[in-house]
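A.B. asks: Structure below; questions to follow.
The values are calculated or read from the model by the stated rules, or taken from the named source; none is laboratory data. Predicted, not measured: the structure shown is a model, and the values here were computed from it. No Cβ is skipped: glycine too gets one built from the backbone with ideal geometry, and neighbour counts run over all protein chains shown. Note: areas computed on protein heavy atoms with side chains; ligands, DNA, RNA excluded. Shrake-Rupley method; radii C 1.70, N 1.55, O 1.52, S 1.80 Å.
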Amino acid sequence: MNGTSTAAAGSPTALVELAGVGKRYGNATALEGVSLAVRPGEVVCVLGDNGAGKSTLIKIISGLHRHDGGAFRIDGEEVRLASPREALDRGIATVYQDLAVVPLMPVWRNFFLGSEPVTGRGPLRRLDTAAMRRTTREALLRMGIDLRDVDQPIGTLSGGERQSVAIARAVHFGARVIVLDEPTAALGVKQARVVLRYVAAARDQGLGVVLVTHNPHHAHLVGDRFVLLRRGSMAGSHAREEIALDELTRQMAGGSDLDRLGHELARTRPSGPDRGAP
Amino acid sequence: MTATPAALAKDTAARGPVARRLSARPELGAMVGAVAVLVFFALAADGFLRPAGLGTVLYAASTIGIMAVPVALLMIGGEFDLSAGVMVTSSALVSSMFSYQMTANTWAGVAVSLLVTLAIGFFNGWTLTRTRLPSFIITLGTFLMLTGLNLGLTKLIGGTVSTRAIGDMEGFASARAVFASDITVGGFQLRITIVWWLALVAAATWILLRTRAGNWIFATGGNADAARAVGVPVDRVRVGLYMGVALAAWISGQHLLFSYDVVQSGEGVGNELIYIAAAVIGGCLLTGGHGSAAGAAVGALIFGMTSKGIVYAQWDPNWFKFFLGAMLLLATLLNAWIRKRAEASS
């Protein structure tokens, strides 16, 4: 069950592969022995509770932090990323839950932030604002988002819309792997559905997706493989066929820890009022 | 999925275009204020609207505006510079003392001053990005150190708190023509600082709205983590912004030197707050990510009109500060309102 690499012969090289990756902050171990592989057109879900090491994992893949144990491979080549820019150049785009956009900037400026097209030369080198506005509108339209006014501050969009703009941006800039940090966490049911659709759309275009979440229901809808993290280390890695939603939810919620808690609560229950199971 | 666009369109329409308009044009509020101040003094003060009066107002506005523009850019980038006021004096002192002590052409002093001032700006920015301390603390430190250095070194080298006159030195006349002369435009006599000021506003507006660097400045101030995550060189942007303030401090400092010939080493203290106030009145958010160079220029214009208008109206000049304080509060309230509307759903 805990197989770290299930790459069958003949399947394409993993776009991103972690093998026993670890990370320490001073004396504290944030991550240890985590392995996963993302292939084109595949959604790998990383599940874990708060503090399980999900955000550390994202920071390593997106180039914000360097790993200090194990191997990190992109297209089979071992790398140590120095910056998010380097990750982007290698085709890894990360969409963060809360810091994906600059709220007060217009949608089109956000869309091209960090990769702005320029026109003209010498001192007249300038942003190609007309093309930026047009391209933004078109790229969003392709994802089914129809903005009449791309000049509005992106902060005026709803959370789901902002996530979708960020995903559309990653796809537009030729990302081969998108890392999504809790894309559905702060969203309502309807908005979450919209975002998951874009995840599936990105997958169908042949992108690799790393979906980091603590919601097993959302993960199970789109995931091909589920990597469970607990207290900084791997608690399991399952292919979609191997695990049902119930089992995923149980493991996610703490697995055997939860069973122990159940026994504990069961013993103490007779002394208190019965309010039903949590 | 088909329902999404319709729902979205309704959503955006409901949020209203007013706040969006205002947030797209941060200087609008300040312009309304500027017109009100203009009308007020035109009625209350004789001679305010005459060419000589307007020339004086524009000169006062330009000396503040030259600094307010880069300070505004820095604030849009999310930082402060409390050392901006005394840095002007430092720049003038270096220029004057180098020329005098080395008996060099004044242009040599001007060049050395440029390097030293840019180095101070670089120091501010570099220390900020390295230590990650608040810019308030770092530039407060620079402010105090420069204040001490200005007085201390000037006394140590020259024996007094002001520099020696360099008016008879080689190159003074041409440097004065560049930094502190009068020009005549269509019968109006205007100080050349007005040209520097307008050129800086134009350059800063171009940079902010039409270059990649401008996009990065907004992003660095608006959400530095998001900017870094998409590959914006946030630290380089910050260092560059501090060096921009230094560049303007150099222009201001040379003006100071070449219009008065001697420099008082204790000058400049307190001006940093006036630059910041002008930028804020012009629509810059204290928290960064929003504002404009034109707004800062209008803020400086309000300062110029108020300070000279009070003189022309023959009032007690002490009311000047009270008036500006009230303007600042009003402007900040307006800014806060705009921001709340623009970020309504985030």
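A.B. asks: Based on a Kirkwood Rh over C-alpha pairs, give the Stokes-Einstein translational diffusion coefficient of the range A:131-219 at 10 °C and viscosity 1.306 mPa s in µm²/s.
C.D. replies: Calculated translational D: 118 µm²/s.
A.B. asks: Rounded, prolate or oblate: which one fits the range B:47-191, using the alpha carbon gyration tensor with axes a ≥ b ≥ c (rounded when a/c is under 1.5, else prolate when a/b beats b/c, else oblate)?
C.D. replies: In terms of gyration-tensor shape, oblate.
A.B. asks: Moving on to the next point. Restricting to Cα pairs below 8 Å that are 6+ residues apart, what does the relative contact order work out to for chain B? Please round to a whole percent.
C.D. replies: Value for chain B: 35 percent.
A.B. asks: Hey, what's the per residue convex hull volume over the C-alpha atoms of the protein assembly as shown, in cubic angstrom?
C.D. replies: Details: hull volume 138.0 nm³, N = 624.
Roughly 221 Å³ of hull volume per residue.
A.B. asks: Now for a different question. Would you please give the residues with an amide H less than 5 Å from that of A:Ser237, counting only those at least 5 places away or on a separate chain, with H modeled from the backbone geometry?
C.D. replies: A:Leu228
A.B. asks: First measure r as the distance between the Cβ atoms of B:Leu198 and A:His263, then evaluate 1/(1 + (r/R0)^6) with R0 = 60 Å and state the FRET efficiency to the nearest 0.05.
C.D. replies: The value I calculate is 0.15.
A.B. asks: Further question on the same structure: Limiting things to C-alpha atoms, what are the Rg and the maximum Cα-Cα separation (Dmax) for the range A:71-178, in angstroms?
C.D. replies: That works out to 15.2, 46 Å for Rg and Dmax.
A.B. asks: Additional query: Let's test the formula: R0 of 22 Å, r as the Cβ-Cβ distance of B:Ser259 and B:Thr184. What FRET efficiency results, to the nearest 0.05?
C.D. replies: 0.80
A.B. asks: Residues with amide H under 5 Å of A:Val46's amide H, sequence separation 5 or more or different chain, H placed in the peptide plane at 1.01 Å from N; which?
C.D. replies: Excluding prolines and chain starts, which carry no amide H, the hits are A:Leu211, A:Val212, A:Thr213, A:Val227.
A.B. asks: Here is a follow-up. Which lysines have a Cα less than 26 Å from the Cα of A:Lys23, not counting those fewer than 8 places away in the same chain?
C.D. replies: A:Lys54, A:Lys59
A.B. asks: So how compact is the range A:105-154: Cα radius of gyration and Dmax in angstrom?
C.D. replies: 11.6, 38
A.B. asks: Moving to a separate point now. Take every Cα-Cα distance within the range A:1-145, group them into 10 Å bins from 0 onward, and report for each bin the whole-number percent of pairs it holds.
C.D. replies: The distribution over the range A:1-145 is 9, 31, 29, 21, 9, 1, 0, given as percents.
A.B. asks: Can I ask one more? If I take R0 = 25 Å and measure r between the Cβ atoms of A:Asn50 and B:Thr131 in this structure, what FRET efficiency does the formula 1/(1 + (r/R0)^6) give, to the nearest 0.05?
C.D. replies: 0.25
A.B. asks: So how much slack lies between A:Ala131 and A:Ala185, counting 0.36 nm per residue of separation and subtracting their Cα-Cα distance, in nm?
C.D. replies: On the way: separation 54, 0.36 × 54 = 19.44 nm, distance 3.34 nm.
Contour length minus the Cα-Cα distance gives 16.1 nm.
A.B. asks: Specify the angular offset, from 0 to 90 degrees and rounded to the nearest 10, of the alpha carbon long axis of helix B:135-158 from the longest principal axis of the alpha carbons in chain B.
C.D. replies: Between the helix axis and the principal axis of chain B, the angle is about 10 degrees.
A.B. asks: At 20 °C and 1.002 mPa s, what whole-number value in µm²/s does Stokes-Einstein give for the translational diffusion of the range A:21-95, with Rh from the Kirkwood sum over Cα pairs?
C.D. replies: The Stokes-Einstein estimate is 165 µm²/s.
A.B. asks: Continuing with this model, one more query. Tell me the label-point distance for the pair B:Phe122, B:Asp235, using the 7 Å Cα-to-Cβ offset, in nm and rounded to one decimal.
C.D. replies: Calculated label separation equals 1.5 nm.
A.B. asks: Once the principal axes of the Cα atoms of the range B:123-218 are found, what is the range along each, listed largest first in whole angstroms?
C.D. replies: Principal extents (largest minus smallest coordinate, Cα): 48, 46, 20 Å.
A.B. asks: Counting alpha carbon pairs within less than 8 Å and at least 6 residues apart, what relative contact order, in whole percent, applies to the range A:73-229?
C.D. replies: Reported as a whole number, the value is 25 percent.
A.B. asks: Just flag the trypsin sites (Lys or Arg not before Pro) in the range B:112-208 sitting in loop per DSSP whose Cβ has no more than 16 other Cβ atoms within 10 Å.
C.D. replies: Answer in residue order: B:Arg132.
A.B. asks: Okay, which of the range B:282-311 sit inside 17 Å, backbone N to the point 7 Å along the Cα-Cβ direction of B:Leu49?
C.D. replies: Taking a point 7 Å out along Cα→Cβ of B:Leu49, the residues of the range B:282-311 whose backbone N falls under 17 Å are B:305-306, B:309-310.
A.B. asks: Give me the three principal axis extents of the range B:112-271 from the C-alpha atoms, as integers in angstrom, largest value leading.
C.D. replies: 55, 46, 26
A.B. asks: Round to the nearest 10 and report in Å² the accessible area of A:Lys190, as given by a 1.4 Å probe over the protein chains' heavy atoms.
C.D. replies: Ignoring ligands and nucleic acids, A:Lys190 comes out at about 150 Å².
A.B. asks: Now for a different question. What is the ratio of the Cα radius of gyration of the range B:226-306 to 2.2 N^0.38 Å, where N is its residue count, to two decimals? Spell out each step's value before the answer.
C.D. replies: On the way: Rg = 15.7 Å, N = 81, 2.2 N^0.38 = 11.7 Å.
Against the empirical 2.2 N^0.38 Å value, I get 1.34 for the range B:226-306.
A.B. asks: Roughly what percent of Cα-Cα pairs across the range A:112-267 reach past 23 Å?
C.D. replies: In whole percent, the share of Cα-Cα pairs in the range A:112-267 beyond 23 Å is 50.
A.B. asks: How large, in Å, is chain B by the Kirkwood hydrodynamic radius built from its alpha-carbon pairs?
C.D. replies: 21.2
A.B. asks: Another one. Could you list the residues of the range B:161-205 with an amide nitrogen less than 13 Å from a label point located 7 Å from the Cα of B:Ala108 in the Cα-to-C-beta direction?
C.D. replies: B:170-171
A.B. asks: For chain A, compute Rg over Rh where Rg is the Cα radius of gyration and Rh is the Kirkwood radius from the inverse mean 1/r over Cα pairs.
C.D. replies: Taking Rg over the Kirkwood Rh, I get 1.03.
A.B. asks: Shifting gears a bit: Size of the dipole of chain A about the Cα centre, Lys and Arg at +1 and Asp and Glu at -1 on the beta carbon, nothing else charged, in debye to 20?
C.D. replies: On the way: 35 positive and 30 negative charges, 139 e Å.
About 660 debye.
A.B. asks: Right, next: How big is the Cα convex hull of the range B:27-97 in projection, averaged over all directions, in nm²? Present the calculation step by step, with values, prior to reporting the outcome.
C.D. replies: Working: hull surface 27.2 nm².
The Cα convex hull of the range B:27-97, projected and averaged over all directions, gives 6.8 nm².
A.B. asks: Normalised by the number of residues in the range A:42-137, what is the relative contact order in percent for Cα pairs under 8 Å and 6+ residues apart?
C.D. replies: So the answer I get is 16 percent.
A.B. asks: Something else now. Determine how large the accessible area of A:His217 is when every protein chain is in place; take a 1.4 Å probe and give Å² rounded to the nearest 10.
C.D. replies: For A:His217, the solvent-accessible surface is approximately 100 Å².
A.B. asks: Roughly how many debye, to the nearest 20, is the charge dipole of the protein assembly as shown about its Cα centre, given +1 on each Lys and Arg Cβ, -1 on each Asp and Glu Cβ, and no other charges? Write out the running numbers ahead of the final one.
C.D. replies: Values: 57 positive and 45 negative charges, 137 e Å.
Dipole magnitude for the protein assembly as shown comes out near 660 debye.
A.B. asks: Let me ask something else. Can you check how the C-alpha radius of gyration of the range B:76-156 compares to 2.2 N^0.38 Å, as a plain ratio? Kindly include the intermediate steps, with their values, before the conclusion.
C.D. replies: Numbers: Rg = 13.8 Å, N = 81, 2.2 N^0.38 = 11.7 Å.
Normalised Cα radius of gyration, the range B:76-156: 1.18.
A.B. asks: Another question about this same structure. With all protein chains present and a 1.4 Å probe, how do B:Leu156, B:Leu149, B:Leu328, B:Leu257 order by accessible area, largest first?
C.D. replies: Correct descending sequence by accessible area is B:Leu156, B:Leu149, B:Leu328, B:Leu257.
A.B. asks: Please list, by residue number, every one of the trypsin sites (Lys or Arg not before Pro) in the range A:92-144 that is coil in DSSP and has at most 10 other beta-carbon atoms within 10 Å. Kindly include the intermediate steps, with their values, before the conclusion.
C.D. replies: Working: sites: A:Arg109, A:Arg121, A:Arg125, A:Arg126, A:Arg133, A:Arg134, A:Arg137, A:Arg142; in loops: A:Arg121, A:Arg125.
Listed in order of number, the matching sites are A:Arg121.
A.B. asks: Among bridges DSSP assigns within chain A, what percent are antiparallel (round to 5)?
C.D. replies: That works out to approximately 55 percent antiparallel.
A.B. asks: Label point 7 Å out from B:Ala177 along Cα-to-Cβ: which residues of the range B:184-216 have amide N under 16 Å?
C.D. replies: Answer for this model: B:184, B:192-193.
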